[in-house]
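Reading through the structure tokens given below for one structure.
The values are calculated or read from the model by the stated rules, or taken from the named source; none is laboratory data. Computed from a predicted model, the values in this text were never measured in an experiment. So basically every Cβ, Gly included, is an ideal-geometry build from the backbone, and we count neighbours across all protein chains shown.
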Number of protein chains: 4
Amino acid sequence: MIYFDSDYMVGAHPEVLERLVETNGLHTVGYGFDEFTAEAKRKVLEACGIENGDVFFLVGGTQTNAVVIDRLLDHNDGVVAADTAHINVHEAGAIEANGHKVITLPNHDGKLRGEDIEKYINDFYRDETNHYMVRPAMVYISYPTELGTVYSREELQGVSDVCRKWNIPLYLDGARLAYGLAAEGGELGLKDIAAMCDVFYIGGTKCGALFGEAVVTRRPELLPRFVSLMKLRGATLAKGRLLGVQFATLFSNGLYERIGAHAVKLAMRMKEGFVEKGYKLFIDSPTNQQFYVMPNEKIDMLKMVASFEQWGPRGEKETPVRFVTDWATTEEDVTALIAALGD
Amino acid sequence: MIYFDSDYMVGAHPEVLERLVETNGLHTVGYGFDEFTAEAKRKVLEACGIENGDVFFLVGGTQTNAVVIDRLLDHNDGVVAADTAHINVHEAGAIEANGHKVITLPNHDGKLRGEDIEKYINDFYRDETNHYMVRPAMVYISYPTELGTVYSREELQGVSDVCRKWNIPLYLDGARLAYGLAAEGGELGLKDIAAMCDVFYIGGTKCGALFGEAVVTRRPELLPRFVSLMKLRGATLAKGRLLGVQFATLFSNGLYERIGAHAVKLAMRMKEGFVEKGYKLFIDSPTNQQFYVMPNEKIDMLKMVASFEQWGPRGEKETPVRFVTDWATTEEDVTALIAALGD
Amino acid sequence: MIYFDSDYMVGAHPEVLERLVETNGLHTVGYGFDEFTAEAKRKVLEACGIENGDVFFLVGGTQTNAVVIDRLLDHNDGVVAADTAHINVHEAGAIEANGHKVITLPNHDGKLRGEDIEKYINDFYRDETNHYMVRPAMVYISYPTELGTVYSREELQGVSDVCRKWNIPLYLDGARLAYGLAAEGGELGLKDIAAMCDVFYIGGTKCGALFGEAVVTRRPELLPRFVSLMKLRGATLAKGRLLGVQFATLFSNGLYERIGAHAVKLAMRMKEGFVEKGYKLFIDSPTNQQFYVMPNEKIDMLKMVASFEQWGPRGEKETPVRFVTDWATTEEDVTALIAALGD
Amino acid sequence: MIYFDSDYMVGAHPEVLERLVETNGLHTVGYGFDEFTAEAKRKVLEACGIENGDVFFLVGGTQTNAVVIDRLLDHNDGVVAADTAHINVHEAGAIEANGHKVITLPNHDGKLRGEDIEKYINDFYRDETNHYMVRPAMVYISYPTELGTVYSREELQGVSDVCRKWNIPLYLDGARLAYGLAAEGGELGLKDIAAMCDVFYIGGTKCGALFGEAVVTRRPELLPRFVSLMKLRGATLAKGRLLGVQFATLFSNGLYERIGAHAVKLAMRMKEGFVEKGYKLFIDSPTNQQFYVMPNEKIDMLKMVASFEQWGPRGEKETPVRFVTDWATTEEDVTALIAALGD
């Protein structure tokens, strides 16, 4: 069996694992007040080009989104997101569970458009009865999006500009950020993202770590008493240094970039193979998630040698499917997959 | 000035007020355990044709929706509603504040369609990853809707059938129920609604009371420990008999029907007048809310003699507006309004 | 039957009711943006000696406590209260339902002591692990307390001083404030309370209104976007002017003072009668709630002619009981009660 | 420096780490639906002597307590706990953040007594006004307690009996369960605990794992849709097999027992040393947490060679302190600590 279900199917990248083993026996204080965590913070901030910012390490993505959004919003505030956003679809209502509405706008290939946000907020403030409506008080985007797409520089700047105009934070979910940074034709680096967003997180779980997400901000005043809130939401890790060790390693020797580049290279090769064999793209993704529309009988046949996900409920004759690469995917895996497609 | 802003601009219907005055000096126990409340429950259940049901009296509509929905849903459950639904737009996020997602479907003249609900739920259960998606676990509709429209018998039956098929409660918001029951061409009586819905509320605030909403169910097992939950949410009234007295009066001598019929009759007269003068209907409403599209300069002129609401942000040249009648509206008010439109 | 169960057993004081009747037919805008409400705000602020403050009118006490406390606290903040406090015992967990811990300190005749609060907060900040403990971030007291007692000037000043030292708000629950202001030997007026507390509410429900509580603050910056939060928590009233009309009346012609004075005078007469007949005071209350310890058989006998509450579970031989007077209690009621005690 | 601050200061026990390394490269499905997790469930249930139960793996203790308690309680329900309980003191209000009151009873050396619980619940149900009081609907205890003490068989049976009498679940927090099972003079094994409690968790984080807690129940009907709730609360781990691998290892070859026995043996040796040198026990703990009362200057001196925690705010002359052993503590560490005490 070859595996393309997701990017969290194996353990940690060997360099990360090695470092965890090396440091396993050391004593440190708990909850992220240790030196490994401090080192990781420095490295992350440096990679982001941030001088006076802050970094917090959490365990998983849904947890991270829930805690950050809960911190950024006041009562009666909502978060603007694409209708396809992870927080709107696949987080079991975690945002609402903390009391906040997800205000959805139509997605464009998984992305929000600055002009749509502008129109929504502008209309909101022009509505005389808005004090009983949920205030659009922050914007959530992801990079890459749920559909594997990435924002161009102009697109992200457009979203960022609207947020600054209305003085609301822009938060970027980077669960798969490594693959976004390595996107085919991608225009944005980590420093661009750090400059255009107010808060974002750098995904570890799907990008080479056992687990872990690094919340980064160049505006620490936006996240007051964040450590207490993390505890309140069950989002702290007693052996916090595990997060520090992993992120310090991911941000040493270009590992995070290497992981992204490897997976995207193989994803592009896969795309080429599918297209050559005449398969329709469900969407043209430049990152490690690839989406095709396949006949149902082909899906059933392929499932016998490869594992991957249907994207939504099964259609009558054909269904969108998703194949995901990561740091552990090999050239042989991709070659075998393409071969398994037959002719 | 003549008033058409809403149906909560005057106090109580004289018969209700009179009864409040008569009973003012009596001593009763608090929190709705009094005889007036018991009487009101009996009368409401009888009007609904329910033998073994229960009734709870709350103060206001947003409060009622929030508490009922909180009671009907488990963790990770959402309520399906039209995108135009009051709970989705004008309740300040009260449903989400209690931890629940509002799952929206496109409205059809303010209404949900059974087939849309069926498709949504069916797709949900066919999606293999649905355990991390919010479960559609109840349906919210209103009668009349935000746009003043009403469900036909077939339409409501369609929604009701889907809910029963999937074994989820159907909840109807009757903030303006009196006007829905009196709708021009309306096909549904109180007993029909009671039979097709699992829980619903009969609006008092907008239908002749000072305040108050009566939550009715023929399935009391759906609302366990409801009085405690009301207290927890700040939705109890110490002098609970005020609610009992008002609803006992509304459901005596056909008052609730008379209130609805009066307001709808005048609304229909108003519609006739607008149409005769060539105004476009924003939507064709058979109840006490009337919506027209008016040129902005006409709106500004009319605002000098009549008060009414713009429906959403002002358009460039014309804007939808809403005029509402209630038990206190007089024929003279309507005549004056039509006259004020000019030629 | 003569009634001493509570102070919410009859409707409104005749002067309040009369004004409601007079204004019933007038049209006003909803949700407290009307002129009656504006008038009530002015009168309340004037009575409190506050120049630049704000007033918000809510429907009931639990609701008021829940919304105010929710507004004053951040995540991971708790409210310090006496173990006997209404919010800790009789509000069904409404404070916790909004996510906040009630941090209890031992009561002294129902009251908190400044020195106890000081010690608790001081210890908290001296504890090195306090970032995972709930921060004591405001203080809740009531006046009179659950046991009918009142703070002396020195006692309230002591609590107020601690709050200012630590820069946390002091909130006073005045559900029965009229009776506290009229307390036998009471040292504090409305202006004193307004000056020593940051936020407090003036009870209407138990002090002559049909319902309603007035939240007052001389520091409006403590309650930002409060109207939206009220809506979010279901605490707004569509016909908001009902609250304005009632409070404008209560604060005209000394009505609020008259109500308090009347009830306290009768309560003192009642106390005299019980003491003369040899009954033990459960606590010596100078306000409208009176507590005695009575033999169980006496309680059972008395229940046949008077209604009143046992205070907690029944004891083996004797049980504390509570008798409450209000504006509607008559001299005859008290005389009859004392007579019914027998010899 | 020798370390006694807590039992989460090093990584994983070598046997656990080795297994994580061995399995690192394998592909599995995510979120705990893998074979390692299934294996761990089987082993845990077997060790607990449970045939038809269920096991869920979460990441940390506060998270586990918050999610389990949220699942076990309805609206307006509270959890009964000792005033010293972790959930009442050191979890940042996580229980309240999910809407539930922690109802505290006085602790007896960190423990609850069945008779105290019985009295509380009995009084509650005898109070006529209890529908507006928070219902005591489950009991939380920990084993060992915050003070390192353990329940005798009779004590735990007493608590368990009360819970069964009132039909409310008994939940046991086993963050340090390995050390409780190995307690000097302890009377209870894992199967006893599994039989007497309805739900409990076996701590991994503090007992040899990198992280992880195993929630166990012999009554799966108490935890419906628990996986969804975990997601909602951000308590799932994408690479769920990491938890499975660790617990499968902890419950192989008697590792969990060995870890507990090792730490307790050294803790007893430590106690002996302190007592011999004349130090007062703050409490006599039979497990891996040891508490002494030490003169402040002695504390300051000792801090130069050993790290450990003050237990609460510093006293004037002396202060309670805590020393914790775990699987990584060596005999040399303890010998060095005792030597450092001087004479």
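Computed values, structure above
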{"quantity": "Within the stretch B:198-207, considering residues that are crowded, with 24+ Cβ neighbours inside 10 Å and more than 12 Å from chain C (Cβ to nearest Cβ), the one farthest from the chain's Cα centre (by Cα)", "calculated": "B:VAL199"}
{"quantity": "Out of A:GLY240, A:GLY186, sole residue that is within 13 Å of chain D (Cβ to nearest Cβ) and of a type in the set (Gly, Ala, Ser)", "calculated": "A:GLY240"}
{"quantity": "Selected residue (criterion: nearest to D:PHE211 (Cα to Cα)) from residues of the stretch A:1-14 that are more than 7 Å from every other protein chain (Cβ to nearest Cβ) and surrounded by 18 or more Cβ atoms within 10 Å (Cβ to Cβ)", "calculated": "A:HIS13"}
{"quantity": "Which listed residue is at pLDDT below 95, within 11 Å of another protein chain (Cβ to nearest Cβ) and surrounded by 23 or more Cβ atoms within 10 Å (Cβ to Cβ), from C:ASN76, C:ASN98, C:ASN65", "calculated": "C:ASN76"}
{"quantity": "Residue tally, condition under 27 Å from D:THR335 (Cα atoms), buried (at least 22 other Cβ atoms within 10 Å of the Cβ) and not hydrophobic (A, V, I, L, M, F, W, C), over the stretch D:247-261", "calculated": "2"}
{"quantity": "Residue that is free of Cβ contacts under 8 Å to residues at least 60 places away in the same chain and closer than 30 Å to D:GLU91 by Cβ, where the choices are A:LEU232, A:LEU302", "calculated": "A:LEU232"}
{"quantity": "Test: A:THR104 is β-branched (Val, Ile, Thr) and over 24 Å from D:GLY234 (Cα atoms)", "calculated": "no"}
{"quantity": "Residues of the stretch A:45-62 that turn out to be under 16 Å from A:GLY244 (Cα atoms), more than 14 Å from chain D (Cβ to nearest Cβ), of a type in the set (A, V, I, L, M) and in contact with a helix residue (DSSP H, G or I) (Cβ under 6 Å, 6 or more places away or on another chain), as a count", "calculated": "2"}
{"quantity": "Criterion: in contact with a strand residue (DSSP E or B) (Cβ under 9 Å, 6 or more places away or on another chain), in contact (Cβ under 8 Å) with a residue 60 or more places away in the chain and among the charged types (D, E, K, R) - qualifying residue of C:GLU128, C:GLU155, C:GLU146, C:GLU184", "calculated": "C:GLU146"}
{"quantity": "Residue check, D:ARG126 of a type in the set (Lys, Arg), surrounded by fewer than 20 Cβ atoms within 10 Å (Cβ to Cβ) and within 14 Å of chain C (Cβ to nearest Cβ)", "calculated": "yes"}
{"quantity": "Those residues of the stretch C:29-47 which are surrounded by fewer than 24 Cβ atoms within 10 Å (Cβ to Cβ) and either over 24 Å from B:THR205 (Cβ atoms) or outside the structural domain of C:LEU237 (by TED's automatic domain parsing) (or both), in sequence order", "calculated": "C:ARG42, C:LYS43, C:LEU45, C:GLU46, C:ALA47"}
{"quantity": "Test: C:LEU210 is surrounded by fewer than 18 Cβ atoms within 10 Å (Cβ to Cβ), in contact with a helix residue (DSSP H, G or I) (Cβ under 7 Å, 6 or more places away or on another chain), assigned by TED's automatic domain parsing to the domain that holds C:GLU35 and touching a residue at least 24 places away in the same chain (Cβ under 8 Å)", "calculated": "no"}
{"quantity": "Unmet criterion (only one of (1) surrounded by 23 or more Cβ atoms within 10 Å (Cβ to Cβ); (2) touching a residue at least 12 places away in the same chain (Cβ under 8 Å)) for B:TYR120", "calculated": "(1)"}
{"quantity": "Options C:VAL264, C:VAL293, C:VAL321: the member that is more than 18 Å from the chain's Cα centre (by Cα), farther than 26 Å from C:VAL67 by Cα and surrounded by 22 or more Cβ atoms within 10 Å (Cβ to Cβ)", "calculated": "C:VAL321"}
{"quantity": "Positions within the stretch A:27-44 being without any contact (Cβ under 8 Å) to a residue 24 or more places away in the chain and either under 18 Å from the mean Cα position of the chain (by Cα) or within 11 Å of chain D (Cβ to nearest Cβ) (or both), in sequence order", "calculated": "A:HIS27, A:VAL29"}
{"quantity": "Hits in the stretch C:129-165 - residues which are within 14 Å of chain D (Cβ to nearest Cβ) and hydroxyl-bearing (Ser, Thr, Tyr)", "calculated": "C:THR129, C:TYR132"}
{"quantity": "Hits in the stretch D:211-232 (condition: within 20 Å of the chain's Cα centre (by Cα) and within 10 Å of chain A (Cβ to nearest Cβ))", "calculated": "D:PHE211, D:MET230"}
{"quantity": "Cβ pairs under 8 Å, 6+ apart, first in the stretch D:309-325 and over 18 Å from D:MET9 (Cα atoms), second among the small types (Gly, Ala, Ser) and surrounded by fewer than 19 Cβ atoms within 10 Å (Cβ to Cβ)", "calculated": "D:THR319/D:GLY312; D:PRO320/D:GLY312"}
{"quantity": "B:GLU155 being touching a Ser or Thr at 6+ places or on another chain (Cβ under 6 Å) and surrounded by fewer than 24 Cβ atoms within 10 Å (Cβ to Cβ)", "calculated": "no"}
{"quantity": "Any hit, the stretch A:66-75, residues being in contact with a Lys or Arg (Cβ under 6 Å, 6 or more places away or on another chain), closer than 29 Å to C:ASN76 by Cβ and charged (D, E, K, R)", "calculated": "no"}
{"quantity": "Residues of the stretch C:325-340 that turn out to be in contact with a helix residue (DSSP H, G or I) (Cβ under 7 Å, 6 or more places away or on another chain) and either within 13 Å of another protein chain (Cβ to nearest Cβ) or modelled with pLDDT under 95 (or both), as a count", "calculated": "4"}
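For every residue, the table says whether it meets (1) more than 14 Å from chain B (Cβ to nearest Cβ); (2) farther than 27 Å from A:THR205 by Cβ.
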| site | (1), (2) |
| --- | --- |
| A:GLU272 | yes, yes |
| A:LYS277 | yes, yes |
| A:ASP284 | yes, no |
| A:ASN288 | yes, no |
| A:PRO295 | yes, yes |
| A:LEU302 | yes, no |
| A:GLU309 | no, no |
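For every residue, the table says whether it meets (1) among the hydroxyl-bearing types (Ser, Thr, Tyr); (2) assigned by TED's automatic domain parsing to the domain that holds C:GLY53; (3) at pLDDT 95 or above.
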residue: C:PHE226; (1), (2), (3): no, yes, yes
residue: C:THR236; (1), (2), (3): yes, yes, yes
residue: C:GLY240; (1), (2), (3): no, yes, yes
residue: C:LEU243; (1), (2), (3): no, yes, yes
residue: C:GLY260; (1), (2), (3): no, no, yes
residue: C:ALA263; (1), (2), (3): no, no, yes
residue: C:GLY273; (1), (2), (3): no, no, yes
residue: C:LYS280; (1), (2), (3): no, no, yes
